[in-house]
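Heads up, the thing below is written out as C-alpha cells.
The values are calculated or read from the model by the stated rules, or taken from the named source; none is laboratory data. Note that the structure is a prediction, hence the values are computed from the model and not measured. Cβ placement follows ideal geometry from the backbone for every residue including glycine, while neighbour counts extend to all protein chains displayed. Keep in mind that these areas ignore ligands, DNA and RNA; they rest on the heavy atoms of the full protein, side chains included. Shrake-Rupley method; radii C 1.70, N 1.55, O 1.52, S 1.80 Å.
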Amino acid sequence: MDYKQIIADAVHIDGVSAQEIYELLALPKDTSMGDFCLPCFKFAKQMRISPLAIAQNIATSIVAPESFSHVEAVGGYVNFRLNKTQYARKVLDKILAENDNFGCSSIGKGKTICIDYSSVNIAKPFHMGHLLNTCIGSALYKICVALGYNVVGINHLGDWGTQFGKLIVAYKLWGDKADIDKRGVRGLLDIYVRFHAEAEKDEALNDQARFWFKQIENGNQEAIDLWTWFKKITLAEVAKIYKRLDVRFDSYNGESFYNDKMQPILDELKEKGLLEKSEGAEIVRFDNDELPPCLLVRADGATLYATRDLAAAFYRKKTYDFYKCLYVVAYQQNLHFQQVFKVIEKMGCEWSKDLEHVAHGMVSLEDGALSTRSGNVVFLEDVLNKAVEKALAVIEEKNPNIANKSEIAEQVGVGAIIFGVLFNNRIKDSVFSYDKVLNFEGETGPYAQYTFARCNSVLEKGGDIVGDIDWNGIDSEEGANLVRLLDRFPDAVEEAGRRYEPSIVTRHIIEVAKAFNKFYFEHNINNADQPVKNARLILAKATKIVLSKGLGLLGIATPSHM
RNA sequence: GAGCCAGUAGCUCAGCUGGAUAGAGCAACGCCCUUCUAAGGCGUAGGUCGGGGGUUCGACUCCCUUCUGGCUCACCA
C-alpha cells in the first residue's frame, strides 16, 4: 500500500512529474496537520509564483478527492489527510494478512550479505565491550533476512596469536585442570591475568610464550591439544550467551582458518608490484600518501591482522560472491579497514566498494576502559543475571500469581539489556552503569514488552471478532496516529537495513508502543459496543504483530504476560 | 603534528535526501487505578542546537573557521 503514490497521482502541477512529487512528499511536523505534506518552495522559482499560491492551486485541484478527508494549503505546504477509515482499513487488513511477514520485503532477493560480527577472542570472557558489537551484528542479520537477503553471519574468531603461547605457559605453571573444567573461561582468565602480572617481573616468561606459540604453529601435539581445549571451552561458554541473546552464526572461520590462505594474496601483491620492503617489513603504500602504509609482513616474517583480513575478504568473495560484506567492529579500527579495503582496490578488484566497515562506539566503565589483561571487566553473564533477578523481583511485586515466572524474568531481563544497547545510534560511546541498565521504565525493552503483553491481554479478554466492524471506533487522533505508525514500520525496517542502523527499528517500536498506550488510555476497547470493539481489537491485533515482529528483529522475546 | 568521529534541556539521547513553533526518556514537582495489565497515562518546568562566519526563500542539517572531547597514525588485534 503506497499512500505516497496515491497522493503523487492526485496532484497535478504543469511540468512536474508524479515521480518528482513522490520524492518531495514528506511527513508533517505535527500529526495534527495531516498524514503527508508537500512543500511547494521548490516550484516557486521556476513558476515565478509564491509558494503559498502554488499550494493553494494544488489543494483546490486534487484529482481524486475521495481518497482524502482533508487537503489544505498552509504557508507554502499542502497538507494531506487521508480518508481515515479507508486508510486504517487498508493498513490493518494488510498487517493481519501478512502477520509475521509484515515489514519483510524482497529488495534483497538473490543478493548475499556477509556480516562479520561478535568475533570473540578465544580464552577471553564475554564482557560488556562485546555486547554492542554482537547485538548490532545480530540485529542487522535479522533485518537483512527480513529484507530478503541471503545472509551469512560470520564469527571471525580471535583464535591465533602469541596470547595462546602465554596461556599455555600460564597453564603449565599454575593451571588446574579441574578448576578450569569447572569455571571455564573465568579460570583461564585468572591465569592469563597472572601471566601478565608475573611477566612484568620476569621477562623470560614472554620468551617461553613465544616459544609455545611457535609450537602451535609447528604442530606440536601437546600445544595443539591445549589450544584446541581452550577453544572448546570458550566456544561452549559463548554458545550459552548467544543462545540467551538469540544470536546465530553460519560460520566460525576465525583467524587460524586463514593461516594457509595469506601467501597466495601476498604473491599476487608482489606480482602486481604493490608490495615493497621498508625497514625490513613488507608494506603496501598508497598514492599521494592518502593513508599511512599498510603493513602486511613483519620484519621477522610473521603476518599481521591486516594480512588475515585481506585473506578473509578474498575467501568470502570467492565462497559467497557477496553483494555486500559488512564488518561490525568498533570505530577504533577505522584506519585498519580503510587500509585493507584500499589494498584490495589497488589490486584491481572492483568489489572492494562492497566492503563496508559498520563502525560502532565503545563501552567503558565509570573508572576507565575495559581491559581483559588488568581484569577490569564487567562480565556480560553477570549483567544478564542481575537484569533477570531484577525482572523477577518486579514480577513478584506486580504480578505474583503469574505462571512461568522464571522464564518471563529471563525474557524481560535479557530483553532490557539488548534493547538498551540497540536504542542509540551505533556510533555513540557509552559508559556502563547498573543504574542505567536496570531501569525498566520509560523508553526501555520492558516498556515495549509490557505493551505487547497488554495488547495480548486485551485480545484474550476481547474474544472473537464477530459481526459488523465500525471503523469509526478507531477514528480519533490516537487511533489515526497509531495506524500511521504501524503503516510506517516496513519503512523503518528498510531504512535500518539501508543505513545499517538497528536503532531505527528500536525507536520505531517505542513510538508504536507509546501510541498504543495512549489509545488504550483514551479509548476503552472491550467495554465498547461490539462493532466499535471489533475495530479496536483489530487495531490491538495489528499492534501486537508489529511489536512482536519489531522486537524479534532485535532478538528480544515477547512474553504474553508479565 | 595529521586524519577520522562526536558536541542538541540538569543527565542519556532522537531529529530521514536542507523545510512549518527543535522532540523524547530519565531525574524534579503535581495529577490519574470501584472499567480491558499503573513496568502505564496526563500536566508543569527545563534550549543562544559548542562559538563565529558563509551559502539559501529557508540551516541542528551543507561549506569555511575555531574550541572541547574521543579514537587512530609501522611490525598488537
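List of remarks:
- Hits in segment A:402-420 - residues which are aliphatic (A, V, I, L, M), assigned to a helix (DSSP H, G or I) and more than 8 Å from RNA strand B (Cβ to nearest atom): A:Val414, A:Ile417, A:Ile418
- Every pair of residues 6+ apart whose Cβ atoms lie under 7 Å, when the first sits in segment A:113-129 and is more than 15 Å from RNA strand B (Cβ to nearest atom) while the second is outside any strand (DSSP E or B) and aromatic (Phe, Trp, Tyr): A:Ile113/A:Tyr149; A:Ile113/A:Phe322; A:Ile113/A:Tyr323; A:Cys114/A:Tyr320; A:Cys114/A:Phe322; A:Ile115/A:Tyr141
- Taken over segment A:473-497, the criterion of being part of a helix (DSSP H, G or I), away from RNA strand B (no atom under 13 Å from the Cβ) and acidic (Asp, Glu) is satisfied by A:Asp487 alone.
- Segment A:457-476, subset charged (D, E, K, R) and within 11 Å of A:Ala535 (Cβ to Cβ), residue surrounded by the most Cβ atoms within 10 Å (Cβ to Cβ): A:Asp470
- Among residues of segment A:427-448 that are under 24 Å from A:Ala359 (Cα atoms), those with a beta-carbon under 7 Å from a residue that is open to solvent by 30 Å² or more (accessible area, probe 1.4 Å) and within 7 Å of RNA strand B (Cβ to nearest atom) at least six positions away or on a different chain give the pairs A:Ile427/A:Tyr331; A:Asp429/A:Met362.
- Residue, farthest from A:Leu24 (Cα to Cα), within segment A:42-89, restricted to residues that are among the aromatic types (Phe, Trp, Tyr) and in contact (Cβ under 8 Å) with a residue 40 or more places away in the chain: A:Tyr87
- Counting only strands (runs of 3 or more DSSP E) wholly contained in segment A:38-147, the ones carrying 3 or more residues that are open to solvent by 20 Å² or more (accessible area, probe 1.4 Å) and within 21 Å of A:Asp9 (Cβ to Cβ) occupy A:68-74.
- Residues of segment A:426-453 that are open to solvent by 20 Å² or more (accessible area, probe 1.4 Å) and part of a loop (DSSP other than H, G, I, E, B): A:Arg426, A:Ile427, A:Lys428, A:Asp429, A:Leu438, A:Asn439, A:Phe440, A:Glu441, A:Gly442, A:Glu443.
- A:Phe423 falls short on exactly one of the conditions (1) within 18 Å of A:Ser503 (Cα to Cα); (2) more than 8 Å from RNA strand B (Cβ to nearest atom); (3) open to solvent by 20 Å² or more (accessible area, probe 1.4 Å), and that condition is (2).
- Hits in segment A:498-527 - residues which are open to solvent by 10 Å² or more (accessible area, probe 1.4 Å), more than 8 Å from RNA strand B (Cβ to nearest atom) and either in a loop (DSSP other than H, G, I, E, B) or in contact with a strand residue (DSSP E or B) (Cβ under 9 Å, 6 or more places away or on another chain) (or both): A:Tyr500
- Segments classed as helices (runs of 4 or more DSSP H), wholly inside segment A:165-236, with at least 3 members that are farther than 30 Å from A:Asp382 by Cβ: A:204-218
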